[in-house]
Amino acid sequence: MTSMNVPEPVMSLAVQPVSKDSGGQKEDPTFRVGLDPESGQTIISGMGELHLDIYVERIRREYKVDATVGKPHQSGGQGQYGRVIGYIEPLRAGSPTKFEFENLLVGQAIPSGFIPAIEKGFKEAANSIVLTDGTAHAVDSSELAFKLASIYAFIQCYTASRPFILEPVMLVELKVPTEFQGAFAGDINKWGFLFYSILVKSF
């Protein structure tokens, strides 16, 4: 039997239930619950903010536990910090590639060792990215932090730009027998065609 590959959690939250018994059964292998021996906090970990929000809501709704949620206390360990600044733009017409990443960083705002992780994060989410600035933390920054920062940055820009799909526009000349003109025009209108002119010829 082939073993299942379970990804490591990428986000954690501290949960402090008012009730002593939260009940429930861990059904999702990517959702983990543990006790931090240093802070004494109950820590839940999962694949992102939405993933954890769903489980917190389940705890409150299904098990009637009034839980308070917050960031885990750190006692000198490494966290996850990464901040990227840049802009996205359409690829040039006729570009031979589907993705472009340009690094315009000046100085060492972000250590060069994290740049490949930033590019990888953007590559998973976008087409053309220009990195202009950002910040790093001496202890809490990591490749994973900058990869996730890149993905979230693209989602934020993409949502704010309100993109929409452009339909192709072309000029088409169609010839049909006169007796089918009405039915043909009805079908064409359903497809979003606009009539530029109609010319009736007698043969």
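This ranking places Leu52, Leu166 by how few other beta-carbon atoms lie within 10 Å of each, fewest first, which gives Leu166, Leu52.
Simple spin-label estimate for Thr97 and Tyr81 gives 3.2 nm between the two label positions (7 Å along the Cα-to-Cβ direction from each Cα).
Using the Cβ-Cβ distance between Leu144 and Lys64 with R0 set to 30 Å, the FRET efficiency from 1/(1 + (r/R0)^6) comes to roughly 0.25.
Taking a point 7 Å from the Cα of Thr135 along the Cα-to-Cβ direction, the residues of the range 95-129 with backbone N closer than 13 Å to it are 109-110.
Here, each number is a calculation from the coordinates, and none is a lab measurement. These numbers come from a predicted model, not from an experiment. Cβ: placed from backbone, ideal geometry, glycine included. Neighbour counts: every protein chain shown.
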